[in-house]
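Taking it in order: structure first as structure tokens, then the write-up.
The values are calculated or read from the model by the stated rules, or taken from the named source; none is laboratory data. All of these numbers come straight from a predicted model, not from anything done at the bench. Quick reminder, even Gly has a Cβ in these numbers, built from the backbone with ideal geometry, and neighbours come from all protein chains shown.
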Ligand SMILES: Nc1ncnc2c1ncn2[C@@H]1O[C@H](COP(=O)(O)OP(=O)(O)OP(=O)(O)O)[C@@H](O)[C@H]1O
Ligand SMILES: [Mg+2]
């Protein structure tokens, strides 16, 4: 089992879009569990689960606060191969509660490690983070085998990247010696505008091989499929972004296999 955490403190850069689309791409041939850690519950809603109907004791909040084993929260979704641990509005107060516990940073890692003891077989866990920092996101980073940081090509959304890289480095030093530096996913990339290319060049100079080869272009169907409560692969398999997320799944599984070997 491999844990992929999708994080960037900056809001609206495509974290949830990446989590849902990559989950469905990996779900074609793997068993995937998405854990929604954002109180906005966009990933939960995207999978067709109305967040207001998720009982708090069956949510990721209950897992983080140690009230419920992760295995007892798992919901099936319409996406082949993809299961969900849903978000709850209480997540908004989870960071404060976790900070008051001596082992509050390890709740998620422990919960994920206990999964196989419960007889639940999962190949990939994908974690959607809120646009913030603090104990909830730290839990997701400490649980991770790989951190994926989407950035928008057209804005200064890489402002928070240096800080994320620094946090991941400290997680590696203290808790997870195998955790590689965050991989950067260029989202909304057009490549036609000079500004896009300038940012792209900057990212490559600054972050080198950390930048993933696969880019996600700006794609209208990708925006629409949230309203349809479907992943892009179910909504429009022929869409450009659907192919890009399948390529991303290949690139990421190869990179994880290479670090494992
Ligand atoms: N490549 C893309 N093409 C078109 N629209 C996109 C693309 N990536 C993201 N979007 C749109 O941008 C908006 C923000 O994306 P998303 O919700 O995934 O970001 P986020 O980082 O999860 O936001 P938050 O920080 O609030 O959780 C959404 O409306 C989404 O549909
Ligand atoms: Mg989001």
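Computed quantities for the displayed model
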{"quantity": "Subset of the range 48-73 [out of contact with any helix residue (DSSP H, G or I) (no Cβ under 9 Å at 6 or more places or on another chain) and touching a residue at least 40 places away in the same chain (Cβ under 8 Å)]", "calculated": "48"}
{"quantity": "Every residue from the range 213-238 that is more than 16 Å from ligand 2 (Cβ to nearest atom) and over 16 Å from residue 191 (Cα atoms)", "calculated": "220, 221, 224, 228, 230, 233, 234, 235, 236, 237, 238"}
{"quantity": "Every residue from the range 238-249 that is assigned to a helix (DSSP H, G or I) and farther than 27 Å from residue 177 by Cβ", "calculated": "240, 241, 242, 243, 244, 245, 246, 247"}
{"quantity": "When residues of the range 108-141 are limited to those that are more than 16 Å from ligand 2 (Cβ to nearest atom) and over 28 Å from residue 80 (Cα atoms), the one nearest to the chain's Cα centre (by Cα)", "calculated": "138"}
{"quantity": "Breaking point among (1) more than 20 Å from residue 187 (Cβ to Cβ); (2) under 17 Å from the mean Cα position of the chain (by Cα), for residue 251", "calculated": "(1)"}
{"quantity": "First in the range 220-238 and free of Cβ contacts under 8 Å to residues at least 24 places away in the same chain, second anywhere and assigned to a loop (DSSP other than H, G, I, E, B), Cβ under 6 Å, 6 or more apart", "calculated": "221/236; 221/239; 235/225; 235/228"}
{"quantity": "Counted residues, the range 119-135 - those being in a loop (DSSP other than H, G, I, E, B), more than 10 Å from ligand 1 (Cβ to nearest atom) and in contact with a strand residue (DSSP E or B) (Cβ under 9 Å, 6 or more places away or on another chain)", "calculated": "3"}
{"quantity": "The range 129-144 residues that are closer than 11 Å to residue 168 by Cα, paired with ones that are assigned to a loop (DSSP other than H, G, I, E, B) and away from ligand 1 (no atom under 12 Å from the Cβ) (beta carbon under 7 Å, 6 or more apart)", "calculated": "138/105; 142/105; 142/106; 142/175; 142/176; 144/179"}
{"quantity": "Segments classed as helices (runs of 4 or more DSSP H), wholly inside the range 136-237, with at least 2 members that are modelled with pLDDT of 95 or more", "calculated": "161-174, 220-224, 232-235"}
{"quantity": "Yes/no for residue 19 being within 16 Å of ligand 1 (Cβ to nearest atom) and under 20 Å from residue 223 (Cα atoms)", "calculated": "yes"}
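One line per residue, one yes/no per condition, for (1) within 14 Å of ligand 1 (Cβ to nearest atom); (2) touching a strand residue (DSSP E or B) at 6+ places or on another chain (Cβ under 6 Å); (3) in contact (Cβ under 8 Å) with a residue 60 or more places away in the chain; (4) within 25 Å of residue 119 (Cβ to Cβ):
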| residue | (1), (2), (3), (4) |
| --- | --- |
| 2 | no, yes, yes, yes |
| 5 | yes, yes, yes, yes |
| 9 | yes, no, yes, no |
| 26 | no, yes, yes, yes |
| 31 | no, no, yes, yes |
| 41 | yes, no, no, no |
| 46 | yes, no, yes, no |
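For (1) under 26 Å from residue 5 (Cβ atoms); (2) more than 14 Å from ligand 1 (Cβ to nearest atom); (3) touching a residue at least 40 places away in the same chain (Cβ under 8 Å); (4) within 20 Å of the chain's Cα centre (by Cα), each residue gets a yes or a no:
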site: 177; (1), (2), (3), (4): yes, yes, no, no
site: 188; (1), (2), (3), (4): yes, no, yes, yes
site: 194; (1), (2), (3), (4): no, yes, no, no
site: 197; (1), (2), (3), (4): no, yes, no, no
site: 202; (1), (2), (3), (4): yes, yes, yes, no
site: 205; (1), (2), (3), (4): yes, yes, no, no
site: 217; (1), (2), (3), (4): yes, no, no, yes
